[in-house]
Amino acid sequence: MFGQLAIMAVPALTMDLAALWQLDGSRIGWLGGIYFIGYAVALPFLTGAANRMDGRIVYGVAAVISAVASFSMAQFADGFWWALALRFIAGFGFAGIHIIGMKLLADRLSGPSQARGSAFYTGAFAIGSGCSFLVAGILSTALGWEAAFVGAGIGSLLSLPTLLLIGPAVAGNEIRSGRLFPDYRPALRDAEVIRYIAAYAGNLWEVFAIRVWFVPFLAFNAGWQQDAVPNWDPATIAGLSVLIAVPINLAIAELAQRWGRRAVIFWVSLASVIVCLLLGWQASSPYLFVLAALLVHGVTSYGDVGAISAGFIGASTPQTRAAALALFGLIGFTAGFLGPLAVGLAIDGGGGRGEPVAWFWAFAVMALGSVVSGAAMAWKPRPRYGRG
């Protein structure tokens, strides 16, 4: 959670940075999503390194990289291109915090506690990203936008002492190899692993799209209202919407263990598609109605990620886990980059952030993520028949 204070710093400040650097929809999408491309690029290197040495060392180096990138953002970013480069580096560091942290957890648990631990880990991810919105909003209001990135850098450094609390892995759960990069072939041959990777990609497409565009959408809606709207800080609302989803995410993960993960994830994905289309259709409706629908969408879009992560961890094995985790993060966070960018392009194509029809297309594009997640759960791979 400390290490995630940087993750939503840019989405929280979207309107400030867009005005300061004159950003259109596509540039907002790039700046909001480039963090996740840095994450995806880093994964093969970091997971390979964690296969060759103690993962706690990899985590520590990555946290320092993340901190330096955030401090540099506060000191040197004076336009789109500098910010783009520094956010890419920050995402590179975050890969070691997030996915290596997940590996450290999975290697130290076994049986049902491993699946439950994975669900709690995704809950911690949501709390951290929600706090990122809140901290960025508070610091930028009080001290200027640069303070949000100083706070993010301090958060990454504060994650380092927690490494001292992590004990050794469960015997047999941690596999070490001399490979520089993980061998992806066993993971790619596992249909269940691929199912949950596809669901995760769809989930992050939608989750990061709404988080990058939450603040601009509320600003658009407020501008269309004839009556006065509540003077609530959009970044704070965005953070609270993330935090509200945390207990529901954990509850859905528990229900998925009892009722079956595929069915639960499928129905949550379907609900998210419906809420997305409602938001697009009613983009200029009364502010409180739209805000309520956004809070519901925060639950439906993120609510099944704990079940997806638990299903993925359960499908992987100690032998394939490093490669599977690398693919899980690489494909998932690449989708996390493409989602916000695709929404930005849809908004520009629909006439810009001030047009209701642009937001209809924006939410239609967002909904594609849950379409993919639901389809992954409904997918029935062909049985593989041997010869003879």
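The values are calculated or read from the model by the stated rules, or taken from the named source; none is laboratory data. Given the structure is predicted, the values throughout are model-derived calculations rather than measurements. Virtual Cβ from ideal backbone geometry, glycine too; neighbours counted across all protein chains shown.
Inspection of the stretch 15-24 identifies at least one residue that is touching a residue at least 60 places away in the same chain (Cβ under 8 Å), surrounded by fewer than 24 Cβ atoms within 10 Å (Cβ to Cβ), acidic (D, E) and touching a Phe, Trp or Tyr at 6+ places or on another chain (Cβ under 9 Å). Would you call F88 under 18 Å from L325 (Cβ atoms), hydrophobic (A, V, I, L, M, F, W, C), out of contact with any Leu (no Cβ under 9 Å at 6 or more places or on another chain) and surrounded by 17 or more Cβ atoms within 10 Å (Cβ to Cβ)? Here the answer is no, as F88 does not meet what is asked. The conditions of being buried (at least 24 other Cβ atoms within 10 Å of the Cβ), closer than 18 Å to I154 by Cβ and either among the acidic types (D, E) or touching a Gly at 6+ places or on another chain (Cβ under 8 Å) (or both) are not met by A42. Please verify whether the stretch 282-300 includes one or more residues that are surrounded by 24 or more Cβ atoms within 10 Å (Cβ to Cβ) and among the hydroxyl-bearing types (S, T, Y). Scanning the stretch 282-300, I find no residue that is surrounded by 24 or more Cβ atoms within 10 Å (Cβ to Cβ) and among the hydroxyl-bearing types (S, T, Y), so the answer is no. Being surrounded by fewer than 20 Cβ atoms within 10 Å (Cβ to Cβ) and of a type in the set (A, V, I, L, M) is a property that L31 lacks.
When you scan the stretch 59-73, do you find a residue that is hydrophobic (A, V, I, L, M, F, W, C), farther than 22 Å from F2 by Cα and buried (at least 18 other Cβ atoms within 10 Å of the Cβ), even just one? No, the conditions are met nowhere in the stretch 59-73. From the list P340, P318, the one residue that fits, being touching a Gly at 6+ places or on another chain (Cβ under 8 Å) and at pLDDT below 85, is P318.
Quick one: which helices (runs of 4 or more DSSP H) lie wholly within the stretch 175-276 and hold at least 3 residues that are under 21 Å from the mean Cα position of the chain (by Cα)?
Details: elements: 185-188, 191-224, 234-259.
The qualifying helices (runs of 4 or more DSSP H) are 191-224, 234-259.
The lone criterion from (1) farther than 24 Å from S129 by Cβ; (2) touching a Phe, Trp or Tyr at 6+ places or on another chain (Cβ under 7 Å) left unmet by P286 is number (2).
So which of A40, A74 ends up being part of a helix (DSSP H, G or I) and more than 22 Å from the chain's Cα centre (by Cα)? Talk me through it step by step, then tell me what you get.
On the way: A40 fails: more than 22 Å from the chain's Cα centre (by Cα).
Going through A40, A74 in turn, just one is part of a helix (DSSP H, G or I) and more than 22 Å from the chain's Cα centre (by Cα): A74.
Number of residues in the stretch 298-331 that are within 24 Å of P216 (Cα to Cα) and out of contact with any Ser or Thr (no Cβ under 7 Å at 6 or more places or on another chain) equals 3.
Given the residues V273, V242, which is the only one that is in contact with a Lys or Arg (Cβ under 8 Å, 6 or more places away or on another chain), at pLDDT 75 or above, surrounded by 20 or more Cβ atoms within 10 Å (Cβ to Cβ) and not charged (D, E, K, R)?
Details: V273 fails: in contact with a Lys or Arg (Cβ under 8 Å, 6 or more places away or on another chain).
Testing whether each residue is in contact with a Lys or Arg (Cβ under 8 Å, 6 or more places away or on another chain), at pLDDT 75 or above, surrounded by 20 or more Cβ atoms within 10 Å (Cβ to Cβ) and not charged (D, E, K, R) leaves just V242.
With the structure loaded, tell me whether D304 is of a type in the set (D, E) and surrounded by 24 or more Cβ atoms within 10 Å (Cβ to Cβ) or whether it fails that test. Judged against the criteria, D304 is a match.
Residue check: is L204 under 27 Å from F133 (Cα atoms), in contact (Cβ under 8 Å) with a residue 40 or more places away in the chain, surrounded by fewer than 20 Cβ atoms within 10 Å (Cβ to Cβ) and in contact with a helix residue (DSSP H, G or I) (Cβ under 8 Å, 6 or more places away or on another chain)? Don't jump to the end; show me each part of the working.
On the way: under 27 Å from F133 (Cα atoms): yes; in contact (Cβ under 8 Å) with a residue 40 or more places away in the chain: yes; surrounded by fewer than 20 Cβ atoms within 10 Å (Cβ to Cβ): no; in contact with a helix residue (DSSP H, G or I) (Cβ under 8 Å, 6 or more places away or on another chain): yes.
So L204 does not fit the description; no.
Checking each residue in the stretch 137-152 for being crowded, with 23+ Cβ neighbours inside 10 Å and out of contact with any Leu (no Cβ under 6 Å at 6 or more places or on another chain) picks out G137, F149. Here is a list: R258, R195, R185. Which entry is at pLDDT 75 or above and farther than 30 Å from G48 by Cα? From the options R258, R195, R185, the qualifying one is R258. Determine which member of the set V371, V357, V343, V365 is assigned to a helix (DSSP H, G or I), within 22 Å of L240 (Cβ to Cβ) and either of a type in the set (V, I, T) or in contact with a Ser or Thr (Cβ under 6 Å, 6 or more places away or on another chain) (or both). Only one candidate passes the filter, namely V343.
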